[in-house]
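Below is one structure, written out as structure tokens, with a few remarks after it.
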Amino acid sequence: MDGLWLQDLESLEAISQDDDARRIFLRMAAMSRSGSLPTFIAEIERDDEIDEQTKHHLAELASDRAFLIAVEDYLHRTSAFH
């Protein structure tokens, strides 16, 4: 169990250190709250410039509302330290 928690923490920290990732995850969290995430996912699916693996990962992450909320909370709570 401890190893899994450490991996989660490392993932959150990696997201917080990457400006593009941070913006994407905050945007997905906001869209999840507003109910507009399905539109975002559909737009990604139609984008020919995004490879299939990235599309799959984004769709998978976008479907995990609890994770998006956790990322958003972590990013807001740690923003003063970064």
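The values are calculated or read from the model by the stated rules, or taken from the named source; none is laboratory data. Keep in mind it's a predicted model, so treat the numbers as computed, not measured. Here the Cβ positions follow ideal geometry from the backbone for every residue, glycine too, while neighbour counts run over all protein chains shown. Please note that ligands, DNA and RNA were not included when accessible areas were found on the heavy atoms of the full protein model with its side chains. Shrake-Rupley method; radii C 1.70, N 1.55, O 1.52, S 1.80 Å.
Things worth noting here:
- Note on the chain: with charges restricted to the Cβ of Lys and Arg (+1) and Asp and Glu (-1), its dipole about the Cα centre is near 480 debye.
- What the chain shows is 72 Å² of accessible area per residue, with the surface traced by a 1.4 Å probe over protein heavy atoms.
- In percent, rounded to a whole number, the relative contact order of the chain is 39, using alpha-carbon pairs under 8 Å and six or more apart.
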